[in-house]
Amino acid sequence: MPFPVPRVIVAAILLLLTACGSTPPPVPSLPASSRTDASPAATPTASAGGSVIVPAPGSSSEVYRPNPSAITVAIDPGHGGCLDWGVPDPSQRGIAYSEKAMTLGIGLQLRKLLEAQRIGVVMTRDEDVALAGDRDAAHGCDGPPWRDVDGDGKAGFEQTGRIRTRDELQARIDLANVARADVLVSIHINSPTENGVPVKVAFSETYYDDETPWGVDRSDRLAEAVQHGVASALRHVSYDRQDRGVEARAFYLIARQWAKGDSCTTAGDTWCVPHRGLQEPGVLSEVGSISLKAEQNMLVSEAGQHTIAQGIVDGLATFFADRDLAVRYDALIPGGAAGQQPAAAGGDGPLYWAAVVPRDATSVPLRLTNSGSAPWPAELRLLAGWQASDQPYLAAAPDDLRPLDVTVPALAPGESVEVTLPLTVPDGARQLSWITLASGSTPFTEHGSPALQLANTANR
Ligand SMILES: [Zn+2]
């Protein structure tokens, strides 16, 4: 169970979680596998701008038929690691019955099912680990050293757990953002109590934040679809369980980022909301509750975890079928592809950083893919801008975004095109570029398609 962020008077956040990562392949290419069940390949055609349009491969994928490998889902199994088991287990039956074990089991099943549908997946953790540190002698935990990921100048485990929690959550947000995932699904389990006494009830409920630019339009629909998928998948259990629907509650992981005028409960605290918020739609689904033993037994079982994962897959299929405008950017440079499990950087700061443009590059080959369900309108433009920053990536667009001289063809869903991205890479101190498609004055970032971000140097 996570803690929400009330909007104006922002309450202190305590959400204890853990995560993990791995190294990306050097130069990207859309996996051939998705073409094995593709419809016979239509021939590439030349676009008005002279670039070659690669037709949608098509597939039998139920999640995104036109081009499943153009989609990336970030899966976040809640909690994890030595210090964070998640909600207390009223049955006290040990680690296998802990929230962190159940969310990981469901997360791994979900990855398997999505990959079987040719959908790309990145995971915040695929084992029982923490990303931002997991070391505390008093608790017998000798995991990785602490990292100050959110940038508040603090790291480590203290009484409130707040500092560690924020660094851990920020690391997970960063992973999804740097991978440019299409959506993030965070899996949690509830353990309701009343006056400290477990309430024996089974239910699912899903949360989203309605204050992001895509909140009402995209995150709400994602929450509805995932909640419906999970509740329907579990309707055959032998005990009563409730479908508690969706609610807009800005849990730290899925909250819009800190903005001027926000405040925290603790005077002087300005870090109770992420300073680098999620740049794609995200939901936090309490898929079940462990206060009812029958439900807990279902949640630890492989069959139960598979059923829930299949419910989430069904929800994602509904969401992607309904998501009209969307784009995937693959910069054809090392580390430039979307959907790669990002490699964790060394050191004691943020783990995940934007890819670096090769020195002296004057342009970057870029593949654009229409990963939505609607054809792109004509006259889309590519906008770009640079900003000096020591951050791993930009939390928001630079003030000065300019149209690039690139012709973007009106691609059909699943189609892609390779264009040349003209870039004047600034010398000197670290700068980040933010590249986004725009339809009229609306950038695709407003629809929840993360911008392509590239750094001019690896120096930090
Ligand atoms: Zn939880």
- Task: Report, in deg cm²/dmol and to the nearest 500, the calculated mean residue ellipticity at 222 nm for the chain, where each DSSP H run with n ≥ 4 adds -39500 (n - 2.57) and the sum is divided by the residue count.
- Result: -5500 deg cm²/dmol
- Message: At 1.4 Å probe size, put 82, 141 in order of accessible surface, largest to smallest.
- Response: 82, 141
- How far is helix 162-178 tilted, in degrees, relative to the longest principal axis of the Cα atoms in the chain, given as a value from 0 to 90 rounded to the nearest 10? 30 degrees
- Message: Could you tell me how far the Cα centroid of region 70-94 sits from the Cα centroid of region 235-286, in Å?
- Response: 16 Å
- Message: Tell me the volume per residue, in Å³, of the convex hull enclosing the alpha carbons of the chain.
- Response: 136 Å³
- Message: If packing is taken as the average count of other Cβ atoms within 10 Å, what order do 405-413, 65-73 fall into, highest mean first?
- Response: 65-73, 405-413
- To the nearest 20 debye, what charge dipole does region 327-455 have about its Cα centre, counting +1 at the Cβ of each Lys and Arg and -1 at the Cβ of each Asp and Glu? 140 debye
- Item | Segments 179-185, 263-269 sorted - mean Cβ within 10 Å per residue, highest first | 179-185, 263-269
- Pick out, from 375, 386, 356, the residue whose Cα sits farthest towards the positive end of the charge dipole of region 336-440, with +1 on the Cβ of Lys and Arg and -1 on the Cβ of Asp and Glu. 375
- Task: Just the number, please: carbon plus sulfur as a percent of the accessible area of region 10-322, 1.4 Å probe, no ligands or DNA/RNA counted.
- Result: 53 percent
- Query: When the dipole is taken about the Cα centre of the chain, and only Lys, Arg (+1) and Asp, Glu (-1) are charged at their Cβ, what size is it in debye, to the nearest 20?
  - Reply: 400 debye
- Enter the accessible area per residue of region 10-322 (Å², integer; probe 1.4 Å; all protein chains in place). 38 Å²
- Task: Arrange the residues 260, 100, 112, 200 by how much accessible surface each exposes, largest first, with a 1.4 angstrom probe.
- Result: 260, 200, 112, 100
- Task: Two decimals is fine: what is log10 I(q)/I(0) at q = 0.11, 0.18 Å⁻¹ for region 109-262, from a Debye sum with one equal scatterer on every Cα and no solvent?
- Result: -0.58, -1.35
- Quick one: helix 220-233 against the long Cα principal axis of the chain, what's the angle to the nearest 10°, folded into 0 to 90? 50 degrees
- Electrostatic dipole magnitude of region 244-400 [Cβ: Lys, Arg +1; Asp, Glu -1; Cα centre; debye, to 20]: 60 debye
- Task: Can you tell me the order of 428-437, 294-303, 86-95 when each peptide is scored by its average per-residue count of other Cβ atoms within 10 angstrom, highest first?
- Result: 428-437, 294-303, 86-95
- Please report, as a whole percent, how much of the solvent-accessible surface of region 327-455 comes from carbon and sulfur atoms (probe radius 1.4 Å). 49 percent
- Residue farthest toward the positive end of the dipole of the chain, with Cβ of Lys/Arg at +1 and Asp/Glu at -1: which of 261, 131, 274? 131
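The values are calculated or read from the model by the stated rules, or taken from the named source; none is laboratory data. Just so we're clear, the structure is a prediction, and the values are computed from it rather than from any experiment. Using ideal geometry, Cβ is built from the backbone for each residue, glycine included, and neighbour counts are taken over all protein chains shown. SASA here: full protein model, heavy atoms, side chains in, ligands and nucleic acids out. Shrake-Rupley method; radii C 1.70, N 1.55, O 1.52, S 1.80 Å.
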